[in-house]
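Engineer: So that we are looking at the same thing, I have put the structure below in structure tokens.
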Ligand SMILES: Nc1ncnc2c1ncn2[C@@H]1O[C@H](COP(=O)(O)OP(=O)(O)OP(=O)(O)O)[C@@H](O)[C@H]1O
Ligand SMILES: [Mg+2]
């Protein structure tokens, strides 16, 4: 099956910090690929690269097998890749509809088409089975999980093929986490591919098809979610071997109290 999105030998440094080193990643159609790793492993850098925020120093990004240069977030969106970052970049004082359509408002002649935008907002949130009390509420009045849903809904407006979610469950309670994970499953069933970035091995085991472990900027294991145990993942995350098939840096010191 052709990958929708491929990273081939991608590296990225910030000064002396090697954020990504020779990273390979494949995202297939209708697939949830999780990327897990400890703090500083390179996860957000990977997300930013897929979203056109950062460009690789070396290596290639391919869309449908064709090399592309994702020079900006706008270019990435044109290529069908949308991302939701941890700092959601919502405007607190604006309501849900205004946030969803910010920068691409629907117009009716010289006026904004508020009715159409409100209808589309509800349709989108319904499709995601999102529970938001009112689309005319300022997003500052929403819960953390609801805000995250609004940010994800906004990413879906251009109907991207790949949705990149950077730590979508961070700092959420149990119920809200479950809601976001259900939403990820819904994205897949609607035909999107998802790159799910997370600290939580439990979260990714619940929804991912494949799990890629990053450690110190390198891929330190790729697992079928069905087959991987929490111990396998933790070992790859911390570098405490037993080795995954693609482990490249075995035997490094384990990190205390790694994420579960
Ligand atoms: N803009 C930047 N300038 C300088 N260094 C950076 C920048 N972005 C990331 N880094 C460095 O790159 C490495 C990877 O950072 P990154 O944010 O990708 O990790 P992460 O896996 O997302 O971590 P966390 O789990 O804490 O979010 C870190 O060493 C970080 O300090
Ligand atoms: Mg991060």
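The values are calculated or read from the model by the stated rules, or taken from the named source; none is laboratory data. Owing to the predicted nature of the structure, the values given are computational and were not obtained by experimental measurement. Every residue, glycine among them, receives a Cβ derived from its backbone with ideal geometry; neighbour counts consider all protein chains shown.
Engineer: Name the one entry in 108, 89, 83 that is within 22 Å of residue 144 (Cα to Cα) and exposed (fewer than 13 other Cβ atoms within 10 Å of the Cβ).
Structural biologist: Answer to the check: 89.
Engineer: Looking at residue 126 and the list (1) in contact with a helix residue (DSSP H, G or I) (Cβ under 8 Å, 6 or more places away or on another chain); (2) modelled with pLDDT under 85, which single condition is not satisfied?
Structural biologist: (1)
Engineer: Next question. Would you say residue 184 is surrounded by 23 or more Cβ atoms within 10 Å (Cβ to Cβ), part of a helix (DSSP H, G or I), more than 16 Å from ligand 1 (Cβ to nearest atom) and in contact (Cβ under 8 Å) with a residue 12 or more places away in the chain? It would help to see each step written out before you state the result.
Structural biologist: Numbers: surrounded by 23 or more Cβ atoms within 10 Å (Cβ to Cβ): yes; part of a helix (DSSP H, G or I): yes; more than 16 Å from ligand 1 (Cβ to nearest atom): yes; in contact (Cβ under 8 Å) with a residue 12 or more places away in the chain: yes.
So residue 184 fits the description; yes.
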